[in-house]
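Comments concern the structure below.
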Amino acid sequence: MATTTFDRHQPAAKSRDVNERDDRRSSERQSQFALPRGLVGHAAGWIMAVKNRPMNRLAVELLDPDPADRILEIGIGAGAALQMLARRAGPGRIAGVDPSATMLKQARWRNRRAVAAGVVELRQADAARLPFDDGSFAKVFAVNSFHLWPAPLAGLAEARRVLTPGGMLLLALRMSLAKPTCFSAPGLTEAQVQHAAQLAQHAGFQDVRLLRRRAGRQTTCLLAWC
């Protein structure tokens, strides 16, 4: 007659397995927002376009673009901020980079008329390796993507390199919630924002300022000049 041995550690092992699966799923969700790919990444892009809309509007307001401006966005996502810029700035030079081919496809579709007209230029690249010459832009910005840069200091140094003397950097940073839920979008702590400001100074930026605004959620805009 077969017997079954009761293992008092079995429930704990099962619990660990469940937790590990949950962690893997959470990591996969986060990675799809960091580097969207495939059908899931396509959906993530549309979610970001909606969630980041207030922050995109704030960024465009602070950039205050005019037709003579040359502006670069790092981490374009679905291209929603570029679309706002193109509509407001007119026939200036607007460029955007993103490491995700899935996001570039969405951004090209969203900005297809501006791309066809030569107003918007899109390239696949990350923040630490910008495919532009020194002093190519008057303004560089990023909306809710700085925390995803794999090498923040290198990315900030690259942003400074492609800016003209006196050019402006804008980082729109979503702040963390005091009591986040499982459905809350992640955000930065005050300590992380202060660290970002220090990194900007280390990268050679001058007159670094922090502007607090409400854009859907509490948002800190880091402004700095070359």
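The values are calculated or read from the model by the stated rules, or taken from the named source; none is laboratory data. Treat the numbers as computed from the prediction; the structure is a model and nothing was measured. Neighbour counts run over all protein chains shown; Cβ positions are idealised from the backbone, glycine included. Just so you know, the surface numbers come from the protein's heavy atoms only, side chains and all, with ligands and any DNA or RNA stripped out. Shrake-Rupley method; radii C 1.70, N 1.55, O 1.52, S 1.80 Å.
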Using modelled backbone amide H atoms (1.01 Å from N, in-plane), which distant-in-sequence or interchain residues come within less than 5 Å of PHE141's amide H?
LEU72, GLU73, ILE74, LEU170
Cβ-defined net charge surrounding ASN144, 14 Å radius [Lys, Arg +1; Asp, Glu -1]:
+4
Percent RCO, i.e. relative contact order, over segment 130-194, from Cα pairs under 8 Å lying at least 6 residues apart
37
Students sometimes get this wrong: rank GLU61, GLU73, GLU121 by accessible area, probe 1.4 Å, all chains present, largest first.
GLU61, GLU121, GLU73
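With a 1.4 Å probe and all protein chains kept in place, how do LEU122, LEU173 rank by accessible area, largest first? Mind dumping the intermediate values first?
Working: LEU122 25, LEU173 5 Å².
In descending accessible area the options line up as LEU122, LEU173.
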Mind grabbing the accessible area of VAL115 for me, 1.4 Å probe, Å², rounded to tens?
50
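When Lys and Arg each count +1 and Asp and Glu each count -1, what net charge do the other residues less than 15 Å away from ARG112, Cβ to Cβ, add up to? Write out the running numbers ahead of the final one.
Numbers: positive: ARG87, LYS105, ARG108, ARG110, ARG113; negative: GLU121.
Local charge sum for ARG112: +4.
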Mind giving me the FRET efficiency for THR164 and ALA191? R0 is 22 Å, r the Cβ-Cβ distance, nearest 0.05 is fine.
0.10
Please list the equivalent ellipsoid semi-axes of segment 57-130, computed as the square roots of five times the alpha-carbon gyration tensor eigenvalues, in descending order and whole angstrom.
18, 13, 11
Could you state the number of Å between the C-alpha centres of segment 188-207 and segment 111-159?
19
For every other residue with a beta carbon closer than 10 angstrom to the beta carbon of GLU61, add +1 if it is Lys or Arg and -1 if Asp or Glu, then tell me the sum.
+2
Please give, to one decimal in nm, the separation of the simple spin-label points placed at ASP64 and ARG87, each 7 Å out from Cα toward the Cβ.
2.2
